[in-house]
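Comments concern the structure below.
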Amino acid sequence: MKSIKLTSLGLIVLFLLTILAPQTSQAWGKTGHRLIGEIADRHLTKKTKRAINKILGTESVAMVSDWSDFIKSDRKYDSTQVWHYINLEDGLTCEQIKEKCANDSVNLAFAIRKMTSILKDQQSSSELKKDALRFLIHLVGDANQPMHIGRPTDKGGNDIKMTWFKKTTNLHRIWDDDLIEFQDLSYTEYATALNHPTQAQIEACQSIDPSDWFCETYGLSRKLYQNAEKETDIGYKYNYVFLSALNEQLLKSGLRLANVLNEIYR
């Protein structure tokens, strides 16, 4: 996989050249991103925590996890909208997915590599590192949200209309917000409930290569698409059927984020 080193000027140039794509839904929503950040924080090494505190100051991993959604109104960051997802057609093999992730197309895979590179570069300014860390914390969460590995034809499920307990929504929003908010837990309560990984789960999350995550998340996203073709008016049954998958993705997100950050600051 190609390494990427960008200066502050390079980042600005990328902002100016990247075309804003029409997929703008938040990933996981505030509660989801914050519980992922909270889980990750509980698995960070002391060395990593010191490095992060030096960059973020009093801001916690959990509380900066949805910063990149809040700044969407700032035109300075318009071009970063395409960093939050990767569009993949149906019928791809894992090898084909890895090939798409390895190229320099500006998408979620590219952005994770770029943010990691900025944080590892000792020449990066403190301001650039702060933005990169905030983005990386958020983007690792995005990489495990199945509708952020969605089809280009429906904008990652945004165009698939559904009803959630008779409320109009769409497939993307169900996985961003509706399903998580239905659990009626604060992000700290939810993180505590999920943060009991088995050894098998810990070992399964060791890879810090996002293309490995995409291969896995891609499979779940296609199951969700297939289900949406059969059932669009959903509620209690959907929660019963997919809650374990939701919780698995949230836990994996937290563990993977911790591993990525620990590797950067090892």
ask   = In what sequence, highest mean first, do 247-254, 202-209 appear when ranked by Cβ atoms within 10 angstrom?
value = 247-254, 202-209
remark   = Fraction of alpha-carbon pairs in the chain farther than 24 Å apart, rounded to whole percent, equals 45 percent
ask   = What order do you get for Asp176, Asp184 when you list them from fewest to most C-beta neighbours inside 10 Å?
value = Asp184, Asp176
note = In this structure, the FRET efficiency calculated for Tyr236 and Glu189 from their beta-carbon separation, with R0 = 22 Å, to the nearest 0.05, is 0.55
query = Helix 8-17 versus the longest principal axis of the chain: what is the Cα-based angle in degrees, 0 to 90, to the nearest 10?
reply = 40 degrees
query = Taking the highest mean first, how do the peptides 103-111, 119-127 order by number of other beta carbon atoms within 10 angstrom per residue?
reply = 103-111, 119-127
Net lengthening on full extension, Phe165/Glu203 (0.36 nm per residue, minus Cα-Cα) = 10.0 nm
inquiry  = For a quick check: sort Thr168, Thr192 by the number of other beta carbons within 10 angstrom, fewest at the front.
reply    = Thr168, Thr192
message = At a 10 Å Cβ-Cβ cut-off, how would you order Met63, Met115, Met162, fewest neighbours first?
response = Met63, Met162, Met115
message = At 7 Å along Cα-to-Cβ for each site, give me the label-to-label distance between Gln96 and Arg75 in nm.
response = 4.1 nm
request  = Considering only Asp41, Asp66, Asp142, give the residue with the highest GNM mean-square fluctuation for the chain, with springs between Cα atoms whenever their separation is below 10 Å.
outcome  = Asp41
query = Can you give the calculated 222 nm mean residue ellipticity of the chain, where each DSSP H run of n ≥ 4 adds -39,500 (n - 2.57) and the sum is split over every residue, rounded to the nearest 500 deg cm²/dmol?
reply = -17000 deg cm²/dmol
task = Pairs to check: Lys76/Lys100; Lys130/Lys161; Lys72/Lys161; Lys54/Lys100; Lys76/Lys223. Give those whose C-alpha atoms are more than 29 Å from each other in this structure.
result = Lys130/Lys161; Lys54/Lys100; Lys76/Lys223
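No lab work stands behind these numbers, since they all come straight from the coordinates. Remember, predicted model here, so these are calculated numbers, not experimental data. Cβ sites come from the backbone with ideal geometry, for glycine too, and all protein chains shown count toward neighbours.
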